[in-house]
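S.K.: Okay, handing you the structure first.
Just so you know, all these numbers are worked out from the coordinates, no wet-lab data involved. Not measured: the values here are computed from a predicted model. Glycine also receives a Cβ, built like all others from the backbone with ideal geometry; neighbour counts cover every protein chain displayed.
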Amino acid sequence: MFHPITTVHYLVLSAALLLIGTIGVLARRNIVIILMSIELILNAVNINLIAFSRHLENLGGQIFAIFVITVAVAEAAVGLGILIALFRNKETVLADEVDLLKW
Amino acid sequence: MIDTLFFYAFAFLTLVGAILTVTRRSAVHSAMALIVSLTGVAGLYLLQKAEFLFAVQIVLYVGGIMVLFLFVIMLVNLDEAARQRQFNKQWWLALACVAGVGGLVSYFIRQGSEAFRLPPPPRAAPILEGNTERLADVLFSEYLLPFEVASVLLLVAIVGSVVMAKKRI
């Protein structure tokens, strides 16, 4: 139980978080929760980057994590804007009811 | 020893919050669970001596993005969606993908430490201290161009979200 924590522990945690987020993106119908699952996936990536930044003692990983957070903020803002526009026009927030482009 | 305890505590918060986020029916409950999960991730940053990212995670994610999510949950009527089926018809495909990748990961975990031979840290490098200061040094010298490109990205996101939320598009 009380082994010292290594980089591998962080990598396994990050993989688990990534898989949970993937289930959320692929299987949920509510678009709000799909966007939240994307945030989970990006956080898993950040844990990985920071674990390697610590392991290699290189600050590049933390810089990259800052850029990932920037992209996550932009994605959340635009995604929620699209969601509001969608709800105004189609009265739904379920991803599989939006099938205008589906043949 | 104390690091180990904190790691398991924060990992527990992160994973339980994430599982609740993807399984709850109500979107508000999901958002609350996501806040717990993001706070756990912030604690993990602190354990990794990334103090600046710890502060950014709390201020930006918990204080910014989650408030944005809760605002949108208020603006959009989710009662109808909460009464319906929560998982789409491809849920078995999602489970199959995740089981495949999870099986691969657990196979490597069962291999023991031999499978994870990471390159050893360079001894000559200085230790990570004064995190915010050193991060700023690197960000504004070596990574100046990506920093400016990120500001353009944020401008595009602002304009895009305003246009998307306009009354008539």
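S.K.: Per 0.36 nm of contour for each residue apart, how much would the distance between B:Val149 and B:Trp92 grow if the chain were fully extended, relative to their Cα-Cα spacing?
M.R.: 16.5 nm
S.K.: Suppose the chain between A:His3 and A:Ile82 were pulled fully straight at 0.36 nm per residue; how much longer would it get relative to their current alpha carbon spacing?
M.R.: 23.8 nm
S.K.: ³J(HN,Hα) across segment A:57-74 via Karplus (A = 6.51, B = -1.76, C = 1.60, θ = phi - 60°), whole Hz, x for Gly/Pro?
M.R.: Whole-Hz 3J(HN,Hα) from phi for segment A:57-74: 6, 10, 6, x, x, 5, 4, 5, 5, 4, 5, 4, 5, 4, 5, 5, 5, 4.
S.K.: Right, another one. For B:64-77, what's the mean count of beta carbons from other chains sitting within 10 Å of each residue's beta carbon?
M.R.: That works out to 5 on average.
S.K.: Further, regarding this structure: Taking every eigenvalue of the Cα gyration tensor of segment B:129-169, multiplying by 5 and rooting it, what semi-axes result, largest first, whole Å?
M.R.: Value: 34, 11, 4 Å, ordered largest first.
S.K.: For all pairs of alpha-carbon atoms in chain A, what percent lies in each bin of width 5 Å, listed from the first bin to the last filled one?
M.R.: Going out from 0 Å in 5 Å bins, chain A shows 2, 12, 17, 18, 16, 11, 9, 6, 4, 3, 1, 0 percent.
S.K.: Over segment B:1-118, what is the relative contact order in whole percent, taking alpha-carbon pairs under 8 Å and six or more residues apart?
M.R.: Computed over segment B:1-118, the figure is 20 percent.
S.K.: What ranking do A:75-86, A:45-56, B:61-72 get when scored by the average of other Cβ atoms within 10 Å per residue, highest first?
M.R.: Order by mean packing, descending: A:45-56, A:75-86, B:61-72.
S.K.: Moving on to the next point. Does anyone have the angle between helix A:31-56 and the longest principal axis of chain A? Alpha-carbon axes, 0 to 90°, nearest 10?
M.R.: 20 degrees
S.K.: Just counting partner chain Cβ atoms within 10 Å, what average do the residues of peptide A:9-19 show around their Cβ?
M.R.: Shielding by partners across A:9-19 averages 6.
S.K.: Could you work out, residue by residue across B:88-94, how many beta carbons of other chains sit within 10 Å of that residue's beta carbon, and then give the average as an integer?
M.R.: Shielding by partners across B:88-94 averages 4.
S.K.: Calculated FRET efficiency, B:Ile109 and B:Thr4, Cβ-Cβ r, R0 22 Å, to nearest 0.05?
M.R.: Efficiency for this residue pair is about 0.80.
S.K.: Another question, if that's okay. Would any residue of segment A:66-91 have its amide N under 16 Å from a label point 7 Å out along Cα→Cβ of B:Arg168? List them or say none.
M.R.: A:89
S.K.: Once you mark the GluC sites (Glu not before Pro) that are in a DSSP loop and have at most 14 other Cβ atoms within 10 Å, what is the longest gap between them in chain B?
M.R.: B:1-128
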